[in-house]
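The values are calculated or read from the model by the stated rules, or taken from the named source; none is laboratory data. Computed from a predicted structure; not experimentally measured. With ideal geometry, Cβ positions are generated from the backbone for all residues, glycine too; neighbour counts draw on all protein chains shown. Just the protein is used for accessible areas: all its heavy atoms, side chains included, with ligands, DNA and RNA removed. Shrake-Rupley method; radii C 1.70, N 1.55, O 1.52, S 1.80 Å.
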Amino acid sequence: TFHGTSPQQIQNNKTYLIAGGLGDLGLLTANWLVEKGAKYLILIGRSKPLEYAQKQIDKLEQQNITVKVIQADIADYNSIEHIFTSNNFINSSPTPSALPPLAGVIHSAGVLDDGMLINMDSDRMKTVMNPKVFGAWNLHQLTKDIQLDFFILFSSAASLLGSPGQTNHVVANIFLDTLAQYRQAQNLPALSLNWGAWSNIGAAAKRQVDRDMNLKGIGAISPQQGLEILEKLITSDNPQVGIIPIDWSRFIDAGYNLPLVEDFKQTKQNTNSTIANSTINFITEIENLKPEQRLKYLITFLQKEVGKVLGLSANKLPNVSHGFFDIGMDSLMAIELKSKLETSLQTTIPSTAIFEHSNIEQLANYIYSDILNLEQSETETKEIEEAELSPEEIENAIAQELADLESLL
């Protein structure tokens, strides 16, 4: 079993390479390595450093830290091989190196391109998978014969919990987890860290997912917490560790039934029965209402569910006639709403339903008649027909009603 070096023993006469080193997490990690004693860094990024990144690099160099910034695509084997040979990290090149031997690799590179599976073509899959899959594999191939102290892969909690609309992201990070297992089986250092969302930095922060995760009982990792955890885990013998601030009770109550949470369910034995009972009660309550009250009850229920997805306060319900995407919902929220409704109704809802029935009123009518198979009362039917009339038709209908009244006088 591999036993890595402790952070206190990070050596000032060795080199440490960070793929994705010009991004937020990469730069944060670079500063951490320097704090722990590193003097030589290689930061790899696809693009030139942005202004804020260059300022951080300049500060490191002012501390007499050697920082070699390399613009390269880690998914391109030849480009990465050139970095290793030109620095004499592998024996295939006699070129003298300006840097000491390589001692540690951290793979923090990654991009996001979210979307529904039906819209996920090969190009969008490659965009996300290339830096993770091919990039990590290239680093593995080029370091497998080097005596490293650590080889760390920044994976994601998405590969443990799943993430609607992020199929490419999930698959890419599962590869990182598997690669760590494979390397350890080869008696090579490896650790895949399934990070949850970081606050203030990283792709998740820029996409403002903190609020959405919090609704599911998942918190965010502060930069300070993340570095403290990294320091504790860098010597771990485990090939894979999940770092997710999570309220398991809220997460399970939200209806996420995953193999990962089975053990946590044992501490809350009535979770499934509670969900089942609430489902039965919901459907029973609708059926027990008077026919003219059922649709209104369902509409109110949908208002509350949509409000939860949008993160609205309980006393602020969305307008039933406003389009979902007009009130702030995106495609990932639509998938989440679909999942919540399927849990509540104990049935499958077509993936296109929320897009085809694009506001609460329309969706309620669809669920009422097509999913619950309930018949609308004459009053409800008349209200719906009137709601679907054009302004001219409504005006003509009112005129006809007045004419009928005059004929009775």
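Here are some notes:
- Pair list, Cβ < 7 Å and 6+ apart or interchain, from the range 336-361 residues that are closer than 20 Å to L317 by Cβ to residues that are open to solvent by 60 Å² or more (accessible area, probe 1.4 Å) and at pLDDT 85 or above: N359/S321; N359/H322; E361/S321
- Meeting the requirement of 3 or more residues that are among the charged types (D, E, K, R) and at pLDDT below 90, the helices (runs of 4 or more DSSP H) wholly within the range 113-228 are 122-129, 210-215.
- Sub-8 Å Cβ pairs linking a first residue in the range 126-140 that is among the basic types (K, R) to a second residue that is part of a helix (DSSP H, G or I) and open to solvent by 10 Å² or more (accessible area, probe 1.4 Å), at least 6 apart or interchain, are K132/F175, ordered by first then second residue.
- In the range 302-333, the qualifying residues are those that are outside any loop (DSSP other than H, G, I, E, B) and touching a residue at least 40 places away in the same chain (Cβ under 8 Å), and the one that is nearest to N365 (Cα to Cα) is L302.
- Filter pass, A172 being over 23 Å from E231 (Cβ atoms) and crowded, with 22+ Cβ neighbours inside 10 Å: yes
- Taken over the range 350-384, residues that are at pLDDT 75 or above, charged (D, E, K, R) and more than 18 Å from K304 (Cβ to Cβ) amount to 2.
- Some residue of the range 290-297 being of a type outside the set (D, E) and under 16 Å from L341 (Cα atoms): yes
- In the range 319-337, the residues that are of a type in the set (D, E, K, R) and buried (at least 19 other Cβ atoms within 10 Å of the Cβ): E336
- Looking only at residues in the range 284-343 that are acidic (D, E) and closer than 21 Å to T167 by Cα, the one that is modelled with the highest pLDDT is E342.
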